[in-house]
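Student: Below are the structure tokens for one structure; questions will follow.
Each reported figure results from applying straightforward, stated rules to the coordinates on display, with no laboratory input. Bear in mind that the values here come from a model prediction, so they are computed numbers and not experimental data. Here the Cβ positions follow ideal geometry from the backbone for every residue, glycine too, while neighbour counts run over all protein chains shown.
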Amino acid sequence: MIAHKNAGLINIDKDCDAAIAKAKKLYLEGAVFIYPTDTIYGLGANPFNEDAVERIYEIKKREREKTYIMLINSIENLLKYVEVKSENHLDFLLSIWPNPVSVVLNLNFKTQELLKSKTAAFRIPNHRFCLKLLTALQMPLISTSVNKSGQAPLNELSIFENEYSSQVSAIFYTEKKSFVNSSTLIDLSESVPKLIRQGKMKFVDLLEKYK
């Protein structure tokens, strides 16, 4: 497990490339960090690193059977991890991303074995820092709200510093306006899309893209 005292604060607006290099290093080391997304701030880590995943469960005090949303940079990369049921589903994903819409998909056998789950939620985020980081990683990145399980998501830098700086390895932040809505969550593991959670984008509008 990564040892740290207090997390460093890293402004992604001042030197985005340096911030991405730091985040990539932490990811590969199995660390947990806070970072901005196209929805709310998230706790990030390598989903294939068991120690890092366990650390997030501890921070959030969350039940182990609950999985996390993962960010990824492209459909091409996504297809390394999932089995998309049809061309129709693939076209739907292409039509809705990048956007604050997370979609539950069936994992392929190899990824099922690694994550010990048959399905997982993915999103291609509409966020410059996230996409640049994900492109550098070429792997999925956990994105889960910064909060204790059952409580409202947190989105204030001062709270991150006070409550989480001793629990994460870094806090990446932006001085630009932060978002307050979670992603819309859709289940696409069966034949038609089903709404799990209404978020920033309206499900009825997304369904118009499904043919």
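Student: Can you tell which of N106, N99 is in contact with an Asp or Glu (Cβ under 6 Å, 6 or more places away or on another chain) and closer than 20 Å to L185 by Cα?
Tutor: N106
Student: Go through the range 120-211 and tell me which strands (runs of 3 or more DSSP E), entirely inside it, have 2 or more residues that are closer than 19 Å to R55 by Cβ.
Tutor: Filter on the range 120-211 gives 141-145, 170-173.
Student: Considering the range 85-119 alone, what residues qualify as being of a type in the set (A, V, I, L, M), free of Cβ contacts under 8 Å to residues at least 60 places away in the same chain and either closer than 16 Å to N46 by Cβ or buried (at least 19 other Cβ atoms within 10 Å of the Cβ) (or both)?
Tutor: Across the range 85-119, the qualifying residue is only L107.
Student: Which of the residues belonging to the range 58-79 are without any contact (Cβ under 8 Å) to a residue 24 or more places away in the chain and in contact with a helix residue (DSSP H, G or I) (Cβ under 8 Å, 6 or more places away or on another chain)?
Tutor: Once the filter is applied, which keeps residues that are without any contact (Cβ under 8 Å) to a residue 24 or more places away in the chain and in contact with a helix residue (DSSP H, G or I) (Cβ under 8 Å, 6 or more places away or on another chain), the range 58-79 yields only R64.
Student: Something else about it: Check the range 9-30 and report whether any residue there is free of Cβ contacts under 8 Å to residues at least 24 places away in the same chain, more than 11 Å from the chain's Cα centre (by Cα) and more than 28 Å from E175 (Cβ to Cβ).
Tutor: no
Student: For A52, state whether it is of a type in the set (G, A, S), under 18 Å from the mean Cα position of the chain (by Cα) and within 16 Å of Q138 (Cα to Cα).
Tutor: In short, no.
Student: Which residue, of V204, V146, is touching a residue at least 60 places away in the same chain (Cβ under 8 Å) and of a type in the set (A, V, I, L, M, F, W, C)?
Tutor: Only one candidate passes the filter, namely V146.
Student: Out of the range 11-58, which residues are surrounded by 22 or more Cβ atoms within 10 Å (Cβ to Cβ), part of a loop (DSSP other than H, G, I, E, B) and aromatic (F, W, Y)?
Tutor: Within the range 11-58, Y41 is the sole residue that qualifies.
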